Amino acid sequence: IATRTYDGGATLAITAPIDALYSATDVVEAAWGWTVADLSGQPLQDRDATLQRIKDDIAEESDPALLRLAEAAALHGVSCVSDDDHVTLGLGRNSQSWPRDEMPVPDQVNWQQVEDMPVALITGTNGKSTTVRIAATIGAAAGHTVGFSTSDWVRVGDSNIATGDYSGPEGARLALRHPDVDMAVLETARGGLLRRGLPLPSVPACLITNIASDHLGEYGIHDVDALADTKFILSKAVRDTGTLVLNADDSRLRSRGEDFGGQVAWYGLSLTPDDIQDGVKAGLITDD
């Protein structure tokens, strides 16, 4: 259970298995409603009926086969991406997908044929989509077929496969599952992070562009420091051997990056010669 209070309200979050996420939101909503009733001196309405409905929903949503497949994927070091309709093992060109009602048991999967691919997550207040496009262009110049999602579209190489705001998990899945893709760059907006979480739990690289006072007042985020904490959720996805890329010109990112336990690559116009030499020694900046 996690709670966060702020001026004018509070946020409640709980963890749940991947086959009980919808039911978990019902648990939170029921707890919220009963708390409001208790604080206002009102009787709890239909408590037993609500509890029974939630229990029935949990039983209906339960999917032990999906949990077993996800656990097996973790043991084999590959991603398992699922939604209401499909489950996918591996990513991009070396992935395999099945309808949820036709997914295999772990022993039926040829694990040597499913692999992950390089993935980068990008967030920030401004410049997310532009940075995604720049990174995708660099990837394409290096010979990769890049799948990337932004607030404008999802693209694979030079082709649009969806148009609209796809900076959340749906756009990420479209890019990650495409059979032509061998590298993905995903815009990860604040709303998707707070409502749906990280698109993948572990990736080689994450980048945060900047933190500014845009879009405050949504989802309980009312000040810039809280927004910085929200954007910095991306750092949790950086695997042990991965890199967190941060804007050294942003004071909030700089302070949080200095406390980050993993490898950080800094960029910015304010970097001093000493900063650059430290980066060269650490292998984060090339000496040319």
Discussion item. Tell me the net charge near Gly33. Cut-off is 12 Å between Cβ atoms, Gly33 excluded, with +1 for each Lys or Arg and -1 for each Asp or Glu.
Written reply: -3
Worksheet, complete the sentence: Rounded to whole angstrom, the alpha-carbon centroid of region 132-198 lies from that of region 247-268 at a distance of 24
Fill in: Rounded accessible area per residue of region 210-288, 1.4 Å, Å²
58
Item to complete: Multiply the residue gap between Asp101 and Asp152 by 0.36 nm, knock off their C-alpha separation, and tell me the result in nm, one decimal place.
Response: 15.2 nm
Worksheet entry | Accessible carbon and sulfur surface of the chain relative to its total accessible area, %, 1.4 Å | 50
Response to the item:
Here, Arg68 and Ser255, labelled 7 Å along Cα→Cβ, have an inter-label distance in nm of 5.0
Discussion item. What is the sum of charges, Lys and Arg at +1 and Asp and Glu at -1, for the other residues whose Cβ falls under 11 Å from the Cβ of Leu174?
Written reply: +1
Worksheet entry | Estimated [θ] at 222 nm from DSSP helical runs (n ≥ 4, -39500 (n - 2.57)) normalised by residues in the chain, nearest 500 | -11000 deg cm²/dmol
Worksheet, complete the sentence: By the Cα gyration tensor axes a ≥ b ≥ c (a/c under 1.5 gives rounded; else a/b larger than b/c gives prolate, otherwise oblate), the shape of the chain is oblate
Worksheet item: If the label point is 7 Å along Cα→Cβ of Thr3, which residues in region 191-229 have backbone nitrogen under 20 Å from it?
Response: 219-222
Fill in: Model label zone, Trp34; criterion: amide N under 13 Å from point 7 Å along Cα-to-beta-carbon; scope region 48-81
48-55
Item to complete: Among DSSP beta bridges lying fully in the chain, give the percent that are antiparallel, nearest 5.
Response: 50
Practice prompt. Scan around Val87 for amide H atoms under 5 Å from its own, H built in the peptide plane at 1.01 Å from N, and keep only partners 5 or more places away or cross-chain.
Written response: Trp98, Arg100
Worksheet entry | Sequence ranges 258-268, 221-231, ranked by mean other-Cβ count within 10 angstrom, highest first | 221-231, 258-268
Worksheet item: Sequence-distant or interchain residues sharing an amide H contact under 5 Å with Ala162, placed H: which?
Response: Val154
Response to the item:
Net charge near Arg190 (other residues with Cβ under 12 Å of its Cβ; Lys, Arg +1; Asp, Glu -1) is 0
Practice prompt. Take peptides 5-16, 72-83 and line them up by average Cβ neighbours within 10 Å, highest first, as a rough protection proxy.
Written response: 72-83, 5-16
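The values are calculated or read from the model by the stated rules, or taken from the named source; none is laboratory data. Treat the numbers as computed from the prediction; the structure is a model and nothing was measured. Please note: Cβ atoms are built from the backbone with ideal geometry, for glycine as well, and neighbour counts cover all protein chains shown. Surface areas here come from the heavy atoms of the whole protein model, side chains and all, with no ligands, DNA or RNA. Shrake-Rupley method; radii C 1.70, N 1.55, O 1.52, S 1.80 Å.
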